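S.K.: One structure follows; several queries about it will come next.
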């Protein structure tokens, strides 16, 4: 069984002389050593990149989509995940706008990768809502203008005032841009790009407004989710301060401009939950789609919504609503923006709860009942001393780490928050197990009195390595991480 001896010398001798211990799967979500922060701009990367909305992973690099750094400079931030997170050499920044690419490529909301190209979703810049799609060729040099290109479908005859998108989805061939607002108000015209066609060819692009054709209302959406057959557009706004709960769905086996391929449904108006409205983005776990709570008049809310893709879209029993904060979890679990699924858990990205830009990352375990508080947990990165900042817009998962995209709409910042899904308490060297190598690493820094980090063996987050840290490691010796 797990070693838990109060006598330090006895525990140490037991380990050294090979007393066998059973390895237990352990979860590091609530361990501060699983979390880290880094601000590349503060350390000299680029022209102080900050203010991101979402990003995308291409198999090696994570790209953070530039929304507004205070001046809409369009500076894309990139992390090489084969490098060290806190090493400035792992980071790079490049502004296509500042290097003559396109007209004004800035103000993007999310990104999508198609296997070669990264596309940034146009939302708004200093001129207002816009439709200039930015594309990067990942086989070319990140810091060369020739690697980047833009195309504005709206200015080339596609659609009617087809600008202002928020998030998108890729179905293996087509890229869908989720309609949010144009300079006249909300719009519901979906933009689609055929990735087998030339990027700058009008024939590669199409648009369709199902709302204008009588499928639901002409509302605005934030984010899109693909489940292998259907693309879902996430219910968000009906005006500057008004929001809705009507989700739209497109069946990719049908014609894009066929009304019969589209449907709309508002679960709240059909008795699900407390009439939940105003969501931002969603995530698919292989069966269920989770929609992220953001705003529901008159304030931010925390009523999550789940849809069972194995059931009928337009039936109330296919949907479930649950508000973990209202059920007693956390401090103020309202106002989220984006979600990530890591194969085991669904993570909701904290943005603003109505009082502050917050850091309460909310997590759901899909192996438990959705509307059971025991299936949910929360980690408050600011309260636990990981960061002093708060307010994120979406996150990116690279297969091990989750990167929370720093935004804070007012006074944007650039401190990226990272969670290691593969570590656990006591795993000092982050190799997935708590063993002699972790003990050796801690003992190598034993009696360090200031500035100690988790990698030095500071397991209780008090910036030194002492008896309490050693006891904490011995208490979980033999654990393996989830």
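S.K.: Compute the length gained on full extension between residue 440 and residue 140: take 0.36 nm times their separation in residues and subtract their Cα-Cα distance, giving the result in nm to one decimal. Intermediate results must be reported in sequence, preceding the final value.
M.R.: On the way: separation 300, 0.36 × 300 = 108.00 nm, distance 4.27 nm.
That pair, residue 440 and residue 140, stretches by 103.7 nm at full extension.
S.K.: May I ask you to order 447-459, 163-175, 95-107 by the average number of other C-beta atoms within 10 Å around their residues, highest value first?
M.R.: Working: 447-459: 17.0, 163-175: 22.8, 95-107: 19.8.
Those peptides, ordered most packed to least, come out 163-175, 95-107, 447-459.
S.K.: Rounded to the nearest 0.05, what FRET efficiency is calculated for residue 89 and residue 251 with R0 set to 35 Å and r the Cβ-Cβ distance?
M.R.: On the way: r = 46 Å, r/R0 = 1.33.
Result of the calculation: an efficiency of 0.15.
S.K.: What is the stretch 167-314's relative contact order, in percent, from Cα pairs under 8 angstrom and six or more apart in sequence? Mind showing how you got there, number by number?
M.R.: Values: 346 pairs, mean separation 24.9, N = 148.
So the answer I get is 17 percent.
S.K.: Mind checking the full-extension length gain between residue 260 and residue 184? Use 0.36 nm per residue of separation minus the Cα-Cα distance, one decimal, nm. Mind showing how you got there, number by number?
M.R.: Values: separation 76, 0.36 × 76 = 27.36 nm, distance 2.78 nm.
Here the answer is 24.6 nm.
S.K.: Percent relative contact order of the stretch 271-334, based on C-alpha pairs within less than 8 angstrom and at least six residues apart? Walk me through the numbers on the way to the answer.
M.R.: On the way: 107 pairs, mean separation 18.4, N = 64.
Taking the mean separation of contacting Cα pairs over the length of the stretch 271-334, I get 29 percent.
S.K.: Separation between the residue 422 and residue 212 pseudo-spin-labels, each 7 Å from Cα along Cα→Cβ, expressed in nm?
M.R.: 4.8 nm
S.K.: If you don't mind, there's one more thing I want to ask. For each of 240, 161, count neighbouring Cβ atoms within 10 Å of the residue's Cβ, then give the residues from fewest to most.
M.R.: Values: 240 8, 161 13.
Lowest count first: 240, 161.
S.K.: Also, quick follow-up: I want to make sure I understand the PRE zone here: with the label point 7 angstrom from the Cα of residue 316 toward its beta carbon, which residues in the stretch 269-308 have backbone N atoms less than 19 Å away?
M.R.: Only 269-278, 303-308 fall inside the zone, counting backbone N under 19 Å.
S.K.: Just want the ordering: 84, 396, from fewest to most Cβ atoms lying within 10 Å of their own Cβ. Display every interim value, and only then the final one.
M.R.: Working: 84 10, 396 26.
By the 10 Å Cβ count, ascending: 84, 396.
S.K.: Neighbour counts of other C-beta atoms within 10 Å: give me 403, 357 arranged from fewest to most.
M.R.: 357, 403
S.K.: Sticking with this one: Could you work out how far apart the two model spin labels at residue 411 and residue 160 are, taking each label as a point 7 Å from the Cα in the direction of the beta carbon, and quote it in nm?
M.R.: If labels sit at residue 411 and residue 160, their model points lie 4.4 nm apart.
S.K.: To continue, here is another question. Can you give me the Cα centroid spacing of the stretch 322-397 and the stretch 213-255 in angstrom?
M.R.: Between the Cα centres of the stretch 322-397 and the stretch 213-255 lies a distance of 24 Å.
S.K.: Averaging sequence separations of C-alpha pairs under 8 Å and six or more residues apart, then dividing by the length of the chain, give the relative contact order as a whole percent. Working shown, then result.
M.R.: Values: 1281 pairs, mean separation 68.8, N = 482.
Across the chain, relative contact order equals 14 percent.
S.K.: So, one more: Can you show me the helix-derived [θ] at 222 nm for the chain, built from DSSP H runs with n ≥ 4 at -39,500 (n - 2.57) apiece and divided by the number of residues, rounded to the nearest 500. Don't skip to the answer; put the middle values down first.
M.R.: Numbers: 3 runs with 26 residues, N = 482.
-1500 deg cm²/dmol, from helical runs alone.
S.K.: For residue 388 and residue 431, FRET efficiency with R0 = 22 Å and r from the beta-carbon atoms, rounded to 0.05? Kindly include the intermediate steps, with their values, before the conclusion.
M.R.: Numbers: r = 30 Å, r/R0 = 1.34.
Efficiency for this residue pair is about 0.15.
S.K.: Looking only at the stretch 375-415, which residues have a backbone nitrogen under 17 Å from a spot 7 Å from the Cα of residue 460 in the C-beta direction?
M.R.: From the stretch 375-415, the list is 384-385.
S.K.: Using only Cα atoms, what is the ratio of the radius of gyration of the chain to 2.2 N^0.38 Å?
M.R.: Values: Rg = 23.5 Å, N = 482, 2.2 N^0.38 = 23.0 Å.
Dividing the Cα Rg of the chain by 2.2 N^0.38 Å gives 1.02.
S.K.: Now for a separate question. When the chain is fully extended, how far beyond the present Cα-Cα distance does residue 468 get from residue 80, taking 0.36 nm per residue of separation?
M.R.: Numbers: separation 388, 0.36 × 388 = 139.68 nm, distance 3.51 nm.
Result for the pair: 136.2 nm of gain on full extension.
Values quoted throughout were computed directly from the atomic coordinates according to the rules given, and no laboratory measurement underlies them. This structure is a prediction, so every number in the text was calculated from the model and none was measured. So basically every Cβ, Gly included, is an ideal-geometry build from the backbone, and we count neighbours across all protein chains shown.
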